[in-house]
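The values are calculated or read from the model by the stated rules, or taken from the named source; none is laboratory data. This structure is a prediction, so every number in the text was calculated from the model and none was measured. In this analysis, Cβ positions are derived from the backbone assuming ideal geometry, glycine residues included, and neighbour counts consider all displayed protein chains.
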Amino acid sequence: MNRRQLLTMIAAMTGTAMMGTTRAFAYLQTETGQNIFTDEDAAFLDEVAEVIIPATDTPGAKDAGVGAFMTVFVSDCYTKEEQDDFRAGMEQLKTEAEATGKAFGDMSAEERQAFLQGVVPQARAQAKVVEEAKERAKQSQDQQTNADQVGEAATAEMAEALPKLHWYTPLEQLTLFGFFTSETGATEVLRYEPVPGEYIGDLDYDGEPAWAT
């Protein structure tokens, strides 16, 4: 599975494209350029990610250090507004967990799974709302562009007017992305084939044409 296939899979599973990938692949950093999370945040995110990809006969998200990955990705690749939304989502998770009668950290593995599975339908429904709003905004922008009426301010205003994703969706997306791009996920869960493979620098040359690549 290459990165493009993984992103397509994540979008299909969560109902919307993954946030932050454009900045990540353009090697752009946020204004701070440093990790804005604490070790406690990373440990909490590890626990959440482990519910999404638990260890079985293969490693889970915690084995791959997905919590720490999330803190780096959000710090480096999310805008300030997205970072704030992500932090608010972490707090919302804790609040909704406590509303069930237990803090997330006090729940058993089964209780955590039941809790997060319970919010998945809400997250999928909200992702659909967001995607439909994006499509309407794009159509409106295209129409205004054709009429030479759109500018940077109008584009920014359209983006701000879009509804926000459910707090669960970025957590799920980053868990999947972090796990399957980690060494643990790539080599111990996915089938791994090194490319271009072993380097052999002293092969005998038999005069035949070179291989195409």
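For the stretch 24-40, what are the residues that are touching a helix residue (DSSP H, G or I) at 6+ places or on another chain (Cβ under 6 Å) and at pLDDT 95 or above?
The one that is touching a helix residue (DSSP H, G or I) at 6+ places or on another chain (Cβ under 6 Å) and at pLDDT 95 or above: 37.
Residues of the stretch 80-112 being among the polar types (S, T, N, Q) and more than 19 Å from residue 42 (Cβ to Cβ), which ones?
Correct list: 95, 100, 108.
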